[in-house]
Amino acid sequence: MRIRIGLVTLVVFVLAGAVACTHSTSGRSGSPPASSAAGHDGMSMGVTTTTAPGTATKASPEQLGAQFEQLLGRHALLAARLMRSAVMAAPDFRQAAVASLQENTDALSQLVGSAYGSAQGERYRQLWQRRTDDLFAYANGVAGNDASAKQTARAALMTDADAYGSWLAEASNGQARAGDAATFARTNVQELMQQLDAYAAHDYDKAYQLERSAYEQMFTGGATLAKASVPPKAAAALDAPPNKLRSAFAMLLGEHMELIIDAQRATFAGSPEFHAAAAQINANSTALAQGLGSIVGPKKGAEFQSAWADHVAGLMAYTTAVAGDDQAGKAAAEDKLHSFAVTLATYFSGVVHTPAAFVPLTGAITAHDTHLIDQVNAYAARDYAKAQQMELHGYEQMLGVANTLVDAIQRTVKPGMPVGGSQTGGGGTAQRP
């Protein structure tokens, strides 16, 4: 199956390459047992920024919102994959997934502590860890076809949602309402449980639809968490059109990267699961295509759509060759990907009327490919820790350059992208024109 990807994704590489970042992690006990996660490159997740050696400044509300969005969105994906690992009976992958989710929890707790105070950060850590434990307990109940265990875990998750609502209302001094926060948390855990039920029933279309919905719902919740931590006047900056545009692109770009990884990994699971993952790539692509098409115009959008379809087909051709242990096929796919990178770099340097962007753009597209190539190679070799690391690097690269995309749009054309995720484009397939 050849997946046709919509218009927008690599615009972000016009002025930016891979974004280096680190964030601190620490091990934490709990069920399922977690192992320490290694440090990695990527975008800084801390709430402060450094302007000079030894000088730290508090992050703006926009920066804080972006950090919460990124971490919360990835939490939903990591939780969904960890839960599925119980049904898959894949203990080696589960261990790597646990480590990634623990690292994400640590980073979220650190960010909450920076925004709300260290005591609230620790309370959040305890709440979030309990939520993770209860999600995994539900997954074990599904895997064991244990209705009683599922019901117990479900009840615990509803209690967790209420506790989250109470916590946020108190931590924000009433700026956030307990009922609203509890409903947000309840909706997300319900979607995570439902996606696992569908996955266990081999209803992969529904499982991947719900995974995507859970990601988008959790990602957009980052703005709420950031707004509740700052005075109302400062919180209004998160509703400014440029920030909403940045947030929309960041959500869709991160989702794009993760759905490609889903399709790569599903290649090893069989055709039905692969096609379900591919359908969500197409839905994401439609949203991206409509957004960029409204900005650069349909003619330039159609040019990109054709080149990008070949690029993604190259990535999936490489994945197929890995699955078939076809060394010649891998080499051929890599050669084509390099050619597609040059074509796309030429296209984008022309769109922004900046010939000097060609070289860094080519390097950035190649880095994007490298994340995906290294991820699928590691996954095929059952080096799941490395596969998770490559997933994180690629996700943060895509999100880290969203700000650059919005800056470029504001400098060159009038922004026209509607705010939202899949709601902006609906379902469907972005076809080659």
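Summary of computed values
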| quantity | calculated |
| --- | --- |
| Overall dimensions of segment 236-369 as given by Cα atoms, namely Rg and Dmax in Å | 16.4, 55 |
| Value of relative contact order over segment 190-320, rounded to a whole percent, pairs C-alpha under 8 Å and six or more apart | 21 percent |
| Pairwise centroid distance, computed over Cα atoms, of segment 61-78 with segment 115-161, Å | 20 Å |
| Positive-end residue of 331, 290, 364, charge dipole of segment 281-390 with Cβ unit charges | 290 |
| Partners for residue 336 among aspartates and glutamates (Cα-Cα distance below 15 Å; same-chain residues under 8 apart left out) | 310, 369 |
| Candidate aspartates and glutamates - alpha carbon under 16 Å from residue 206, same-chain residues fewer than 8 apart omitted | 191, 197, 216, 262, 273 |
| Net charge over other residues, Cβ less than 11 angstrom from the Cβ of residue 198 (K, R count +1; D, E count -1) | -3 |
| For residue 258, net neighbour charge (Lys/Arg +1, Asp/Glu -1) across residues whose Cβ lies under 13 Å away | -2 |
| Percent RCO, i.e. relative contact order, over segment 168-259, from Cα pairs under 8 Å lying at least 6 residues apart | 21 percent |
| Gyration tensor (alpha-carbon) shape descriptor, segment 79-194, a/c threshold 1.5 | oblate |
| Compactness of segment 117-269 - radius of gyration and Dmax, Cα, Å | 17.3, 50 |
| Environment charge at residue 248 (Cβ cut-off 14 Å; Lys +1, Arg +1, Asp -1, Glu -1) | -3 |
| Cβ-placed point charges (K, R +1; D, E -1), dipole of segment 116-223 about Cα centre in debye, nearest 20 | 200 debye |
| Extreme residue, positive dipole direction of segment 57-138, given options 138, 72, 90 (C-beta unit charges) | 138 |
| For segment 230-306 and segment 343-395, distance of Cα centres in Å | 16 Å |
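Every number in this text was worked out from the coordinates using simple rules, so none of it is lab data. This one's a predicted model, so the numbers in the text were calculated from it and none came from an experiment. Glycine gets a Cβ as well: all are built from the backbone with ideal geometry, and neighbour counts include every protein chain shown.
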